[in-house]
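One structure is given below, encoded as structure tokens.
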């Protein structure tokens with residue numbers, strides 16, 4: 001037999017048949033190991049159960065459409081899904097959501113009550129949606145130290161596990177080791193110049209603060225030295241000086257642009273006005289006295305589009321018109337519209353407050369029929385940090401447009417002329433902050449946005465930020481009046497937002513937003529131990545966070561939340577799927 005014949009015979013011999021079962025098992029094992037490695041070292045998925053991060057991230061919620069103005073908003077439905085916790089430690093009580101309050105027009109929405117077929121009358125409300133699903137990047141694959149404002153996931157310091165179930169929380173990292181942090185008028189201030197020796201003695205000769213060796217509960221709020229006298233003295237000194245930077249006192253912590261836009265909450269969308277109030281209720285946007293002949297609205301009783309003619313600077317102004325009514329649930333004064341026409345009397349401009357639609361659910365216990373509301377007194381705080389946007393059409397090449405926002409003793413302006421925007425303030429410490437080139441030039445339509453947040457001015461044209469850097473920073477103390485909450489009637493009640501024009505200009509789609517308002521709780525100054533973080537929820541008025549249960553040790557940090565991957569639904573303003581800001 002030749003060598004060639006031998007090779008041919010070898011080729012003809014059949015090989016062993018593939019072991020399909022073995023291949024399947026190997027593939028499954030490989031996938032499982034890969035998933036476990038990814039979960040252990042790279043990323044992990046978490047579900048948001050509660051509303052402490054609303055409206056950046058949602059827990060259980062119903063999407064409600066206001067029947068009067070058409071505004072769509074999410075409402076917390078956690079207590080309907082899980083039942084409301086019994087403060088006495090008993091079983092959770094079943095609760096039905098029977099209503100909500102629109103954050104745009106403040107209409108009190110009552111869901112229809114119908115028989116459920118089992119002899120019980122139940123509300124016919126929107127269906128429940130599950131909380132957001134987020135991907136969390138583990139620390140090994142990103143910078144271990146988060147930045148201020150990053151959304152982080154961690155184990156609950158007081159009880160990392162409960163009944164063998166991990167208690168994972170999600171908040172923003174807002175304070176860092178070695179900082180003393182304060183909340184004042186809804187903003188956050190920090191200093192690193194204070195120290196708190198553990199052996200400091202009180203008047204009785206005993207340690208003023210417990211030492212780590214005195215307790216195993218290192219999360220305890222005692223180590224936060226809440227409202228320590230040294231911190232109070234330094235804060236008062238900083239406040240009296242206006243909170244200047246660079247001298248070791250308390251300084252305001254400013255957000256980046258992405259977080260600023262993520263944190264904004266609706267105050268009023270002028271395109272969504274309740275139709276049945278036309279002629280019965282004054283419009284929120286109106287031409288200022290003396291300017292009526294230069295500004296023409298498209299609808300007399302509810303103008304949505306304003307057209308300006310004339311060579312002088314004339315204004316349309318916003319006033320936050322909401323009736324003061326007595327809440328029948330707990331007999332306190334609140335700002336909202338109710339269903340009956342007689343509630344529309346005695347309407348006057350109110351301060352813009354921190355009411356959040358997500359917290360406005362009105363429930364009824366199934367066992368007793370008792371009605372309950374989650375809107376709290378903490379959601380009636382004045383908010384002076386505002387964002388104003390509109391669509392402006394220049395009908396003349398040389399027309400001028402001015403966006404104005406008031407806060408306390410000042411009014412701040414963005415003046416758009418032919419090819420540039422100038423930022424300035426009037427009132428206490430009036431100043432010009434400079435100008436930059438922009439796309440607002442000749443005739444055309446432009447989307448304009450102006451923000452006064454964290455004592456810094458921001459401006460956008462067609463959703464593109466115009467970089468002023470730190471040139472538009474101002475001393476936050478300069479705006480605070482002598483009134484209890486720092487506001488003024490002339491600015492914050494009568495004209496919190498305004499739009500001015502010279503020449504031919506048309507204004508439409510105006511919207512006013514507010515910034516997050518951080519509530520100080522029972523204390524307002526805290527120390528953050530080295531190796532710890534102070535974590536706060538965006539839904540400050542309804543958030544259980546470091547203000548009450550202490551700071552978070554670094555060892556309990558699980559990672560940074562970076563992406564919402566579910567649910568796949570969106571409202572008019574934000575897609576639920578995307579990167580977390």
Original post:
Would you call residue 463 within 21 Å of the chain's Cα centre (by Cα) and free of Cβ contacts under 8 Å to residues at least 40 places away in the same chain?
Top reply: yes
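For (1) in contact (Cβ under 8 Å) with a residue 40 or more places away in the chain; (2) in contact with a helix residue (DSSP H, G or I) (Cβ under 8 Å, 6 or more places away or on another chain), each residue gets a yes or a no:
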residue: 233; (1), (2): no, no
residue: 244; (1), (2): yes, yes
residue: 248; (1), (2): yes, no
residue: 258; (1), (2): yes, no
residue: 269; (1), (2): yes, no
residue: 296; (1), (2): no, no
residue: 304; (1), (2): yes, no
Original post:
Is the stretch 258-272 home to any residue that is closer than 30 Å to residue 311 by Cβ and in a loop (DSSP other than H, G, I, E, B)?
Top reply: yes
Subject >> Output for the stretch 231-255, where each listed residue is surrounded by 15 or more Cβ atoms within 10 Å (Cβ to Cβ) and in a helix (DSSP H, G or I) >> reply: 231, 234, 235, 238, 239
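Results for (1) surrounded by fewer than 16 Cβ atoms within 10 Å (Cβ to Cβ); (2) under 30 Å from residue 151 (Cα atoms); (3) without any contact (Cβ under 8 Å) to a residue 60 or more places away in the chain, shown as yes or no for each residue.
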position	(1), (2), (3)
83	yes, yes, yes
87	yes, yes, yes
95	no, no, no
105	no, no, no
114	yes, no, yes
Subject >> Criterion violated by residue 396 - all others in (1) under 23 Å from residue 307 (Cα atoms); (2) part of a strand (DSSP E or B); (3) touching a residue at least 60 places away in the same chain (Cβ under 8 Å) satisfied >> reply: (2)
Original post:
Residues in the stretch 408-428: is at least one modelled with pLDDT under 95 and in contact with a helix residue (DSSP H, G or I) (Cβ under 9 Å, 6 or more places away or on another chain)?
Top reply: yes
**OP:** Spot the failing condition for residue 311; the list is (1) assigned to a loop (DSSP other than H, G, I, E, B); (2) over 25 Å from residue 398 (Cβ atoms); (3) in contact (Cβ under 8 Å) with a residue 60 or more places away in the chain, and only one is missed.
**Re:** (2)
**OP:** Collect the residues in the stretch 487-519 that are assigned to a strand (DSSP E or B) and within 24 Å of the chain's Cα centre (by Cα), keeping them in residue-number order.
**Re:** 497, 498, 509, 510, 511, 512, 513, 514
Original post:
Based on what the data block shows, is residue 415 in a strand (DSSP E or B), more than 27 Å from the chain's Cα centre (by Cα), without any contact (Cβ under 8 Å) to a residue 40 or more places away in the chain and surrounded by 18 or more Cβ atoms within 10 Å (Cβ to Cβ)?
Top reply: yes
Original post:
How many residues, within the stretch 517-544, are closer than 25 Å to residue 79 by Cβ and surrounded by fewer than 18 Cβ atoms within 10 Å (Cβ to Cβ)?
Top reply: 3
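Only one of these is surrounded by fewer than 18 Cβ atoms within 10 Å (Cβ to Cβ) and either closer than 21 Å to residue 255 by Cβ or touching a helix residue (DSSP H, G or I) at 6+ places or on another chain (Cβ under 8 Å) (or both): 508, 547, 514, 464. Name it.
Going through 508, 547, 514, 464 in turn, the sole match is 464.
Listed here are the residues, each with its yes/no results for (1) at pLDDT 80 or above; (2) in contact with a helix residue (DSSP H, G or I) (Cβ under 8 Å, 6 or more places away or on another chain); (3) surrounded by fewer than 13 Cβ atoms within 10 Å (Cβ to Cβ); (4) over 29 Å from residue 522 (Cα atoms).
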residue: 92; (1), (2), (3), (4): yes, yes, yes, no
residue: 102; (1), (2), (3), (4): yes, yes, no, no
residue: 111; (1), (2), (3), (4): yes, no, no, yes
residue: 117; (1), (2), (3), (4): no, no, yes, yes
residue: 148; (1), (2), (3), (4): yes, no, no, no
residue: 166; (1), (2), (3), (4): no, no, yes, no
residue: 172; (1), (2), (3), (4): yes, no, no, no
residue: 180; (1), (2), (3), (4): yes, yes, no, no
residue: 189; (1), (2), (3), (4): yes, yes, no, no
Original post:
Consider residue 258 against the criteria (1) at positive phi; (2) under 25 Å from the mean Cα position of the chain (by Cα); (3) surrounded by fewer than 19 Cβ atoms within 10 Å (Cβ to Cβ): it satisfies all of them except one. Which criterion is unmet?
Top reply: (1)
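The values are calculated or read from the model by the stated rules, or taken from the named source; none is laboratory data. On a predicted model such as this, the values are computed, not experimentally measured, just so you know. All Cβ positions, glycine included, derive from the backbone under ideal geometry; neighbour counts span all protein chains shown.
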